[in-house]
Amino acid sequence: MNAARNVSAMVLGRRAVGRVAAVGIRGDCGAERGSSSGPGPGHRPHIKTRGYEVTRNPHLNKGMAFSLEERLQLGIHGLLPPCFLTQDVQVLRVLESYETKTNDLDKYIILMTLQDRNEKLFYRIITSNIERFMPIIYTPTVGLACQQYGLAFRRPRGLFITIHDKGHIATMLNSWPEEDIKAVVVTDGERILGLGDLGSYGMGIPVGKLALYTACGGVKPQHCLPVLLDVGTDNEALLNDPLYIGLKHKRVRGPAYDDLVDEFMQAVTNRYGMNCLIQFEDFANSNAFRLLNKYRNKYLTFNDDIQGTAAVAVAGIIAALRITKNKFHDHKFVFQGAGEAAMGIAHLLMMAMEKAGIPKQEALKKIWMVDSKGLITKGRSHLTHEKEMFAQDHPPIKSLAEVVSEIKPTALIGVAAIGGAFTEQILKEMASFNKHPIIFALSNPTSKSECTAVDCYRLSEGRGIFASGSPFDPVTLPDGRTFVPGQGNNAYIFPGVALGVIACGMKHIDEAIFLISAEVLADLVTDKDLAEGRLYPPLSTIRDVSFKIAKEIMDYAYKNNLAAYYPEPEDKEAFIRAQIYSPDYDSFALDNYKWPKEAMEIQKV
């Protein structure tokens, strides 16, 4: 251990004290680690892998944290430098390298490379300061990473299934080395964040989502499988790029596409069981609703863009009501955008209003939607089934500014990925007829945000209630008041939902699950959070948020006969904690012991 102490002293001597404080590393491994139950230090898993392959397996590799005893027994002595480090010192070494990078994409690559090499160390770093690292491993940086995915690709981290593999998906699943998959995140890359069709470069999204399943929810990484369904791309820039790593033809649509997805769903459940969670991510509007409605009662599945976004948005609105000091009955909501996110939020908002005692038809009159053609009104031609439900009996209005001026909403929700859509005129007008205008600029990445936190707080004179999809820095107004913008990040919802449904083997996920999740999240917002401008708890508490959501989901599942695992656990909290992944290293030293001397005597003839 002298080597570890020497390295620690050397690193700390290079101004690392501040970095330790910033990352939250403590001798006891930090609060986040302490809250992660499951196998901890001293746990001895049985592994058959030996030699060089141990150092190449990210689930097993500990780098220079392997003890001499472990190195000798695993046959890796000599493959590592003659140095023995604690995990804390390894964290500091990674941060030394991380902080030499000046742009977020390089930081993303550093962390993803670490994930490929040493999984436990990766999650130790992420969970030690989730507020610092989430914007790097997920939005907004993951959007840039997807755009550059062909150049950033290092090692396989998911399964690429193409339209040409139709009829053979079951065989392809055998290529994945893990047998016990409990959660799959799948995309076809057609609508990545607010960036559009990125084809096979969209793999960065399932990889990032599942990293958050583990970092925020404690789902074990070896139970997770990212999947990209490559059916081509309609992005001309990618089709003409000689370095593009996906199929170079237009997207396949129609029956052939549907047959591929049908086969995929069947193959996954045949191999991993009907209780394997399948999350759909970043599918285009034309497929997202259709596939959700097709599969929701047949498989354990949900669409995070529709249902996860809805839960986090409704949680923010419920929390905002504590600032406005009134009820749903007193509000009117205008949506900029009428795609999958808007529809998901609107439907869940309807459920919340009905639960609060507002009749459905009255609740419908409180939701107004603006799409690319203007206000959605009755009698407008070519409305989709989803849009027809929210069409209002009102003369047509073309622009969002006119809608705000005439309808006078109390809340403005942006989900159309049109950067700057909430103009200075609109924000000032919202502030003119609302004491506390609710402004949700939920589009990702940051470049697509409808307005900035600074704009909202400045133009509303600090009265605005703001939430965004991507993170914004705290805002200090000229009068000295400082606000911490709430980030309506879906990561508050989907990891907890995943943890809960996996823990009880839920059969299907109904909409009530997302309203429960929204209510749990809103309840965890303190008065102190609201005073600072936060509509959500600090991201540093996200593992506790996920745990509480999971517990409520388990209660609901057993009460409504939706759980598959029986008998029902008496102590659900302890049961869930036993499932949670820990980033602490396991011990691979053999369990050596001796019998009594007389029992080991060699028999002689």
Among the candidates E552, E570, which residue alone is among the acidic types (D, E) and outside any helix (DSSP H, G or I)? E570
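Looking at this structure, is E236 open to solvent by 10 Å² or more (accessible area, probe 1.4 Å) and over 30 Å from R543 (Cβ atoms)?
yes
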Given the conditions (1) among the small types (G, A, S); (2) on the phi > 0 side of the Ramachandran plot; (3) touching a residue at least 60 places away in the same chain (Cβ under 8 Å), which single one is not true for A416? (2)
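Assess whether V454 counts as being over 25 Å from the mean Cα position of the chain (by Cα), part of a helix (DSSP H, G or I), under 23 Å from G344 (Cα atoms) and not basic (K, R).
When the stated conditions are applied, V454 does not pass them.
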Of these, D259, D304, which one is out of contact with any helix residue (DSSP H, G or I) (no Cβ under 8 Å at 6 or more places or on another chain), among the acidic types (D, E) and farther than 16 Å from F160 by Cα? D259
Of all residues making up segment 343-364, the number that are closer than 20 Å to L442 by Cα and open to solvent by 20 Å² or more (accessible area, probe 1.4 Å): 1
Among all residue pairs at least 6 apart or on different chains, which show Cβ distances below 7 Å where the first residue, located in segment 237-251, is over 15 Å from A152 (Cα atoms) and among the aliphatic types (A, V, I, L, M) and the second is open to solvent by 20 Å² or more (accessible area, probe 1.4 Å) and in a loop (DSSP other than H, G, I, E, B)? L239/K248
Residue check for A320: buried (at least 21 other Cβ atoms within 10 Å of the Cβ) and modelled with pLDDT of 95 or more: yes
The residue from Q336, Q361 that alone is of a type in the set (S, T, N, Q) and without any contact (Cβ under 8 Å) to a residue 12 or more places away in the chain is Q361
For segment 281-382, which fully contained helices (runs of 4 or more DSSP H) count at least 1 residues that are within 30 Å of T526 (Cα to Cα)? 309-324, 340-355, 360-364
Quick check on my filter: what residues within segment 430-476 are touching a Lys or Arg at 6+ places or on another chain (Cβ under 7 Å) and either surrounded by fewer than 21 Cβ atoms within 10 Å (Cβ to Cβ) or among the β-branched types (V, I, T) (or both)? A431, F433, K435, H436, G462, R463
Only one of these is modelled with pLDDT of 95 or more, surrounded by 14 or more Cβ atoms within 10 Å (Cβ to Cβ) and in contact with a Gly (Cβ under 8 Å, 6 or more places away or on another chain): I367, I397. Name it. I397
Flag for N293 being farther than 28 Å from G469 by Cβ and under 25 Å from the mean Cα position of the chain (by Cα): no
Can you find a residue that is within 18 Å of G316 (Cβ to Cβ), open to solvent by less than 30 Å² (accessible area, probe 1.4 Å), at pLDDT below 95 and of a type outside the set (S, T, Y) anywhere in segment 526-536? yes
What's the total number of residues in segment 146-205 that are loosely packed, with under 15 Cβ neighbours inside 10 Å, in a helix (DSSP H, G or I) and not aliphatic (A, V, I, L, M)? 2
Does any residue of segment 386-406 turn out to be under 29 Å from the mean Cα position of the chain (by Cα) and more than 26 Å from I192 (Cα to Cα)? no
Run down D510, D473 and say which single residue is assigned to a loop (DSSP other than H, G, I, E, B), more than 26 Å from Y299 (Cα to Cα) and of a type outside the set (S, T, Y). D473
Could you say whether any residue in segment 88-95 is surrounded by 18 or more Cβ atoms within 10 Å (Cβ to Cβ) and under 19 Å from F588 (Cα atoms)? yes
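Which one of these is open to solvent by 10 Å² or more (accessible area, probe 1.4 Å) and over 33 Å from the mean Cα position of the chain (by Cα): K373, K378?
Of the residues listed, the single one that is open to solvent by 10 Å² or more (accessible area, probe 1.4 Å) and over 33 Å from the mean Cα position of the chain (by Cα) is K378.
The values are calculated or read from the model by the stated rules, or taken from the named source; none is laboratory data. Everything numeric in this text was worked out from a predicted model, so none of it was measured. Because the Cβ atoms are built from the backbone with ideal geometry, glycine has one as well, and the counts that use them run over all protein chains shown. Note: accessible area is taken over every heavy atom of the protein model, side chains too, but ligands, DNA and RNA are not part of it. Shrake-Rupley method; radii C 1.70, N 1.55, O 1.52, S 1.80 Å.
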